[in-house]
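Structure first, then comments.
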């Protein structure tokens, strides 16, 4: 009888661990994954240099240069430094691409020759990125 209880407890613990791991393996939220792929397309056109990990699997928290909150699994940091071909010259950023990231607190845009932002892109802030 005692052995049955022990086996049942072990099975329950294993089930909980498997469920938690299954939930976490999917990583970031779908809306944020889609938004990251849109950012990749915008920066890559016509010849950007994004890491190959972007879009390879569904867990964008595992993509290079992306960091997620370990509790909420929301994107908190994106490093886009030198992601756009330098030879393409200056360009205007569509800052609304970053609206789907409510927990984003670090964004590196250095080295992309961003001359400003597109007008009327739905952002309540200017494109004066200082931090």
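Structure above, values below:
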item	result
Residues of the range 38-96 that turn out to be over 14 Å from the mean Cα position of the chain (by Cα), part of a helix (DSSP H, G or I) and without any contact (Cβ under 8 Å) to a residue 60 or more places away in the chain, as a count	7
Lone unmet requirement of (1) at pLDDT 90 or above; (2) in contact with a helix residue (DSSP H, G or I) (Cβ under 6 Å, 6 or more places away or on another chain); (3) farther than 16 Å from residue 40 by Cα for residue 75	(3)
All positions within the range 37-67 that are more than 19 Å from residue 109 (Cβ to Cβ) and in contact with a strand residue (DSSP E or B) (Cβ under 7 Å, 6 or more places away or on another chain)	61
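The values are calculated or read from the model by the stated rules, or taken from the named source; none is laboratory data. Computed from a predicted model, the values in this text were never measured in an experiment. Please note: Cβ atoms are built from the backbone with ideal geometry, for glycine as well, and neighbour counts cover all protein chains shown.
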